[in-house]
Amino acid sequence: MEEKRLKYYKMHHDLQEQIRLGELRSGDRVPSENQLAAAYQVSRQTVRKALAILEQEGYIYAVHGKGTFVSERVRPEHKSQNIAVVTTYLSDYIFPRVIQGIDEVLTAQGYSILLKNTRNSRSQEARCLEELLQKDIDGVIIEPSKSQISCRHLHLYERLEEYGIPYVFIQGCFDQMEDKPQVLMDDCRGGHLITKYLLDTGHRDIAGVFKADDIQGQNRHRGYVQALQEAGVLYDPDKVIWFHTEDRKVHPQEGIRRLISKGTRLDSVVCYNDQIAMQVIPTLTARGIRVPEDISVTGYDNSYMAIGGGFQLTTIVHPQEKLGEMAAQLLLSLLHGESLGPEERKILIQPELVVGNTTC
């Protein structure tokens with residue numbers, strides 16, 4: 001009896017999970033009673049009991065003579081006034097001010113925010129979306145994790161759409177979803193702008209440190225390459241250091257040390273962001289290299305980290321609160337059912353250069 005009960009629970013749980021994760025979708029036919037009885041080695045009576053409970057829970061419905069099918073999720077008629085905000089980090093770097101911008105706009109419209117973070121993990125992002133699909137929310141603002149890598153959980157975004165829950169990407173977007181609503185920095189232009197500034201001030205041996213697993217890093221690198229090509233400076237892949245989320249605290253410094261040890265000619269370093277720039281500077285000074293007299297260093301984002309240790313980075317302005325506000329306004333437009341053109345659905349914020357004392 002206990003073994004039968006365990007098989008019944010497993011069958012109920014398995015079917016529930018397949019529906020929840022989108023493996024069985026709205027309108028799909030559920031395996032027949034005979035198929036389930038054979039698969040779980042239980043009687044058809046036990047199968048009927050499990051299916052009856054799933055039907056009571058609203059997961060499935062039966063059509064006489066045709067079989068049992070997955071239900072559409074029943075959305076409440078009322079609006080919950082809850083918005084989920086999912087970022088890679090919550091308390092680090094630029095994220096508190098981005099969230100502040102989102103909060104100011106949505107709170108003024110009577111919404112409450114549910115905060116989630118993924119720590120830039122794709123599996124954690126999938127878990128966050130699975131949790132949110134079970135909650136009563138009206139919309140989602142999300143920064144995708146490792147946006148340079150193909151998304152493996154597109155079905156969860158499709159389920160948001162099936163359930164009528166609009167979402168807006170910030171900071172980056174997966175290639176497969178480039179037509180979705182988004183608010184981004186024009187990172188290619190930003191990388192071009194800051195590299196061109198170095199070129200215009202006489203630098204020619206320009207190293208780059210870029211993040212490999214998000215689209216921001218790829219686009220900043222692309223702008224860096226374009227600026228070099230326009231100036232007639234040969235792109236040298238050996239002067240480019242790529243790092244990933246998991247090695248961001250170690251690999252940029254190791255890469256700079258390796259270039260210096262090899263005697264690579266350098267007069268400047270373009271860094272993925274301010275955080276990396278503030279790792280590169282002490283790595284150089286520990287080798288007796290002066291910044292900016294010997295090597296100029298640039299950042300990106302104009303964050304609170306752009307000032308420290310007597311340095312004020314030459315960097316690109318990231319309108320952190322403004323980006324959050326724009327994302328919230330875009331989501332509100334979607335919630336109100338407004339018809340938006342391509343330029344209104346995909347907002348590109350133009351970069352601005354700030355010159356500090358880390359370049360000369």
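Derivation of every value follows stated rules applied to the coordinates shown; laboratory data play no part. Values in this document were obtained by computation on a predicted structure and should not be read as measured data. Reconstructed Cβ throughout: ideal geometry from the backbone, glycine too, with neighbour counts over all protein chains shown.
Quick rundown of the values:
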item: In Å, descending, principal axis extents of the Cα set of the chain; result: 82, 45, 35
item: Of the trypsin sites (Lys or Arg not before Pro) in region 252-360, those whose Cβ has at most 13 other Cβ within 10 Å and which sit in DSSP loop; result: Lys262, Arg265, Arg287, Arg290
item: Phi to ³J(HN,Hα) by Karplus 6.51 cos²θ - 1.76 cosθ + 1.60 over region 338-343, Hz, x for Gly, Pro; result: 5, 8, 10, x, x, 6
item: Positive-pole candidate from Gln216, Gly337, Gly309, dipole of region 199-337, charges at beta carbon; result: Gly309
item: Amide H partners (placed H, <5 Å) of Gly356, local residues excluded; result: Thr314, Thr315
item: Candidates per chymotrypsin sites (Phe, Trp or Tyr not before Pro) in region 90-183, loop by DSSP, up to 15 other Cβ within 10 Å; result: Tyr163
item: Gyration tensor verdict on region 225-277 (Cα atoms; rounded if a/c is under 1.5, prolate if a/b is larger than b/c, oblate otherwise); result: oblate
item: J(HN,Hα) series, region 104-112, from Karplus relation 6.51 cos²θ - 1.76 cosθ + 1.60, nearest Hz, glycine and proline x; result: 4, 6, 6, 4, 5, 9, x, 8, 10
item: Sorted peptide list for 183-196, 238-251, criterion being average Cβ within 10 angstrom, highest first; result: 183-196, 238-251
item: Cleavage-rule hits, GluC sites (Glu not before Pro), region 100-152, DSSP coil, Cβ neighbours within 10 Å at most 15; result: none
item: Cα-Cα over 19 Å, subset of Lys116/Lys146; Lys211/Lys239; Lys196/Lys239; Lys211/Lys249; Lys211/Lys322; Lys116/Lys211; result: Lys211/Lys322; Lys116/Lys211
